[in-house]
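**Student:** My questions will all concern the structure given below.
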Amino acid sequence: MKVANGQQIIGIFETWSPKKLAAMEGDPIGLAIGTLNKPIKRVLVTLDVNTQVVDEAIENQCELIIAHHPPIFRKLANMRTDSPQGQLIEKCIKHDIAVYAAHTNLDVAEGGVNDLLAEALQLENCETLVPTFTERLYKLAVYIPTDYAEALRQALAGAGAGQIGDYDSCSYTLEGEGRFRAQEGANPFAGKVGKLHTEEEVKIEVVVPEGKKNKVLRAMLNAHPYEEPAYDLFVLDTPAKEMGLGRIGMIHPMTLKEFAEHVKVKLNVKAVRVVGDLSSNISKVAVLGGDGNKYIYDAKRAGADVFVTGDLYFHVAQDAENLGLHVVDPGHHVESIMKIGVSKKLDELCKEQKIDCTFIPSKLSTEPFQFI
């Protein structure tokens, strides 16, 4: 196991939750405080960054905090150390703690905030509620000597190529002959310099998602025996995978009142606000972490019986009621489910890379409300 620097740790994180997934223009994601140009052995994962969370990071000897909510959401007019925000930033800098924020990109990412909420609520057959990002698909066609084809197919699949729906390692192979003449200065794998050579080859074709394109090309070049591999890369018009905010899925039928109790238990909250007839039957559920006020119409169009989201406004609740859409509001803080989820995911990703780094989910609650 090796120790990585902050750039490597965040690079690994962004293979899962890249910045391009951000669903809000100007979302202040990325490095907010400090530097990533240093060794990172311990990382605190938190929903919010406040003074108590920074103290927790200091106590746990963490060099990096990964947060869902950006600690600097709007541009600062100044950074006075006699203000609460200035004191927080000063404390991070004095203790050399970097702070990185993954906001709406983590909401959209597969296995991110909304998937974690849907899983906790035991939703099945989930789909994206509000598409915000479509990933482009490529077709890679590469020519290789027949004897090396299987090794290349395995390398491409291992890098993420050939994923079609619920199937992986998908490829197509066509036999043929390759011809080439090595010129002066070349070091040919087959044939001789200055002489035309014919080689029994196959063409292997695989689909490649945009996010894995560079990794797949590196794997292809590393597995290929030729000094100068011949390959083509095409952009496909085939509809690619859609990603976005919120999830919608099915649940075992129950009444709205029973479902509200279900939400309280599964999301570990003391109280929820409910819009709708408590005796109504619920089977199709939409969920969107954080503030989902502007998405009630999306939930209704998607056929949801109930919409689980936070920070519901009074007049939006009335609009939902008029639409016939039930709403359960467990609060914004349920997004804290990401603390354990992100910690587990990063631990898995780093172990795959043989990187020695400990990810610690914050034990502190940053819920500002009390229920009495």
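**Student:** Where does helix 314-323 land angle-wise versus the long Cα axis of the chain, in degrees 0 to 90, nearest 10?
**Tutor:** So the inclination is approximately 70 degrees.
**Student:** In nm, to one decimal, how far is the THR146 label point from the TYR172 one, both placed 7 Å along Cα→Cβ?
**Tutor:** 2.1
**Student:** For semi-axes √(5λ) of the Cα gyration tensor in Å, the listed values are [x] 46, 29, 16; [y] 33, 28, 21; [z] 36, 23, 20; which was obtained by calculation from the structure presented?
**Tutor:** Calculated semi-axes √(5λ) of the Cα gyration tensor in Å: the matching label is [x].
**Student:** What order do you get for 161-169, 295-303 when each peptide is scored by the mean count of other beta carbon atoms within 10 Å, highest first?
**Tutor:** Values: 161-169: 14.1, 295-303: 17.4.
Order by mean packing, descending: 295-303, 161-169.
**Student:** Here is a further query. Relative contact order, percent, of segment 126-229 when contacts are C-alpha pairs under 8 Å separated by at least 6 residues?
**Tutor:** Numbers: 178 pairs, mean separation 40.3, N = 104.
39 percent.
**Student:** Turning to a different aspect of this structure: Give me the extension gain from ALA240 to GLN52: residue separation times 0.36 nm, minus the current Cα-Cα distance, reported in nm with one decimal. Write down the numbers at each step before the final one.
**Tutor:** Working: separation 188, 0.36 × 188 = 67.68 nm, distance 4.30 nm.
My answer for the length gained is 63.4 nm.
**Student:** Follow-up question, since we're still on this one. For segment 46-114, calculate the relative contact order in percent as a whole number, restricting contacts to Cα pairs under 8 Å that are 6 or more residues apart.
**Tutor:** Averaging sequence separation for qualifying contacts and normalising by length gives 36 percent for segment 46-114.
**Student:** Shape of segment 99-174 from its Cα gyration tensor (a ≥ b ≥ c, root eigenvalues): rounded if a/c is under 1.5, otherwise prolate when a/b > b/c, or oblate?
**Tutor:** Values: a/c = 2.81, a/b = 2.30, b/c = 1.22.
Here segment 99-174 falls in the prolate category.
**Student:** So the label point goes 7 Å from the Cα of GLN154 along Cα→C-beta, right? Which residues of segment 224-240 then have their backbone N under 20 Å from it?
**Tutor:** The answer is 224-226, whose backbone nitrogens lie closer than 20 Å to the label point.
**Student:** Give me the 1.4 Å probe accessible area per residue for the chain, excluding ligands and nucleic acids, in Å². All intermediate terms of the calculation are to be shown ahead of the outcome.
**Tutor:** Values: 20000 Å² over 372 residues.
I get 54 Å² per residue for this part.
**Student:** With a 1.4 Å probe and all protein chains kept in place, how do ARG273, ARG153 rank by accessible area, largest first?
**Tutor:** So, going from the largest accessible area down, we get ARG273, ARG153.
**Student:** Counting only protein heavy atoms, what percent of the accessible surface of the chain is carbon or sulfur at a 1.4 Å probe?
**Tutor:** Working: 9570 of 20000 Å².
About 48 percent, which is the carbon plus sulfur part of the accessible surface.
**Student:** Right, something else. What whole number of Å gives the distance from the Cα centroid of segment 39-67 to the Cα centroid of segment 303-331?
**Tutor:** Distance between centres, Cα-based: 35 Å.
**Student:** For a quick check, take a GNM of the chain with Cα springs below 10 Å and name the residue from LEU44, LEU31, LEU117 with the largest mean-square fluctuation.
**Tutor:** For the chain, modelled as a Gaussian network with Cα springs under 10 Å, the answer is LEU31.
**Student:** Here is a follow-up. With just the Cα atoms defining each centre, how far is segment 208-265 from segment 1-29? Give it in Å.
**Tutor:** 17
**Student:** Same structure, new question: How large is the helix-only mean residue ellipticity at 222 nm for the chain, computed as the sum of -39500 (n - 2.57) over DSSP H runs with n ≥ 4, divided by its residue count, in deg cm²/dmol to the nearest 500?
**Tutor:** On the way: 11 runs with 107 residues, N = 372.
Helices in the chain give a 222 nm mean residue ellipticity of -8500 deg cm²/dmol.
**Student:** If you don't mind, another one. Loop-only check: which chymotrypsin sites (Phe, Trp or Tyr not before Pro) in segment 316-372 are DSSP coil with at most 13 other Cβ within 10 angstrom?
**Tutor:** Those that pass, being in a loop and sparsely packed, are PHE369, PHE371.
**Student:** Among DSSP beta bridges lying fully in the chain, give the percent that are antiparallel, nearest 5. Intermediate values should be presented prior to the final figure.
**Tutor:** Numbers: 47 of 69 bridges.
Around 70 percent of the beta bridges assigned by DSSP in the chain are antiparallel ones.
**Student:** What length, rounded to one decimal in nm, is gained on full extension from GLU261 through to LEU221, with 0.36 nm per residue of separation minus their alpha-carbon distance? It would help to have the intermediate numbers written out before the result.
**Tutor:** Numbers: separation 40, 0.36 × 40 = 14.40 nm, distance 5.46 nm.
Answer, rounded to one decimal: 8.9 nm.
**Student:** Give, as ranges by residue number, the residues of segment 23-42 whose backbone N falls under 12 Å from the point 7 Å along Cα→Cβ of LEU76.
**Tutor:** Only 32-34 pass the distance filter.
**Student:** If you take the square roots of the eigenvalues of the alpha-carbon gyration tensor of segment 232-363 and sort them as a ≥ b ≥ c, do you get rounded (a/c under 1.5), prolate (a/b over b/c) or oblate? It would help to have the intermediate numbers written out before the result.
**Tutor:** Details: a/c = 2.41, a/b = 1.43, b/c = 1.68.
Taking the square roots of the gyration eigenvalues as a ≥ b ≥ c, segment 232-363 is oblate.
**Student:** In percent, what relative contact order does the chain have, based on Cα pairs under 8 Å that are 6 or more apart in sequence?
**Tutor:** This gives 21 percent for the chain.
**Student:** Could you check the spin-label model distance between MET1 and ASP347? Points 7 Å from the Cα along Cα→Cβ, value in nm.
**Tutor:** Going from the MET1 label point to the ASP347 one covers 1.1 nm.
**Student:** First select every other residue whose beta carbon is under 10 angstrom from the beta carbon of PRO145; then total the charges, Lys and Arg +1, Asp and Glu -1.
**Tutor:** Neighbour charge sum, excluding PRO145 itself: -4.
The values are calculated or read from the model by the stated rules, or taken from the named source; none is laboratory data. Just so you know, these numbers come straight off a predicted model, no measurement behind them. All Cβ positions, even for glycine, are placed from backbone atoms using ideal geometry, and neighbour counts span all protein chains on display. For accessibility, only protein heavy atoms count, side chains too; no ligands or nucleic acids. Shrake-Rupley method; radii C 1.70, N 1.55, O 1.52, S 1.80 Å.
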